[in-house]
Amino acid sequence: QVQLVESGGGLVQPGGSLRLSCAASVSTFRFYDMGWYRQAPGKQREFVAGITRDGSTQLLGSVKDRFTISRDNAKNTVYLQMNSLKPEDTAVYYCKASFTSVYWGQGTQVTVSS
């Protein structure tokens, strides 16, 4: 069983930045493909960003110029750097780990509002 713990969410003004972290409790973290998803009230959960075990990244089109995903295998952690935040980025952000099984974190709230 893999536990994922997200942190770094909060309230930020439009145009601001946040960095989300997801720490995984697994020694084989380097073999996992990692991803960030988000779910806004009344909407389905959507893919935001992903990074493979090899370091290849993919981003949702609407965040491509503002968000960056990265990983630190030595710290068993994946990050989501979010810049130029917009009110429409408001959601609960979830971390996902995929290898032989799929695991989800508990989510962290991001609210973008003035």
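If you plug each phi of region 49-65 into the Karplus form 6.51 cos²θ - 1.76 cosθ + 1.60 with θ = phi - 60°, what whole-Hz ³J(HN,Hα) values come out, in order, with x for Gly and Pro?
Karplus-based 3J(HN,Hα) across region 49-65 equals 7, x, 9, 7, 4, 8, x, 6, 10, 9, 10, 4, x, 6, 10, 4, 8 Hz.
How many percent of the accessible area of the chain is carbon or sulfur, using a 1.4 Å probe?
Carbon and sulfur: 45 percent of the exposed surface of the chain.
With a ≥ b ≥ c taken as the square roots of the eigenvalues of the C-alpha gyration tensor of region 18-66, please select rounded if a/c is under 1.5 and otherwise prolate if a/b is larger than b/c or oblate if it is not?
It is prolate, given that a/c is not under 1.5 and a/b is the larger ratio.
Using only the Cα atoms of the chain, what semi-axes does the equivalent ellipsoid have when each is the square root of 5 times a gyration tensor eigenvalue? Give whole Å, largest first.
23, 14, 13
Roll a 1.4 Å probe over the protein chains and send me the accessible area per residue for region 25-72 in Å².
Solvent-accessible surface per residue comes out at 58 Å².
Per-residue counts of other Cβ atoms within 10 Å, averaged by peptide: what ranking do you get for 92-101, 53-62, 66-75, highest first?
My ranking of the peptides, most packed first, is 92-101, 66-75, 53-62.
With θ set to phi - 60°, apply the Karplus curve 6.51 cos²θ - 1.76 cosθ + 1.60 along region 66-83 and write out the HN-Hα couplings as whole Hz, x wherever there is a Gly or Pro.
Listing the rounded values in order: 10, 10, 9, 10, 8, 9, 10, 5, 5, 9, 6, 9, 10, 10, 10, 8, 10, 10 Hz.
The values are calculated or read from the model by the stated rules, or taken from the named source; none is laboratory data. Every value quoted in this text rests on a predicted model; they were computed, and no experiment measured them. Neighbour counts are summed over all protein chains in view; Cβ atoms, including those assigned to glycine, are modelled from backbone coordinates with ideal geometry. Calculation scope for accessible area: heavy atoms of the full protein, side chains included, ligands and nucleic acids excluded. Shrake-Rupley method; radii C 1.70, N 1.55, O 1.52, S 1.80 Å.
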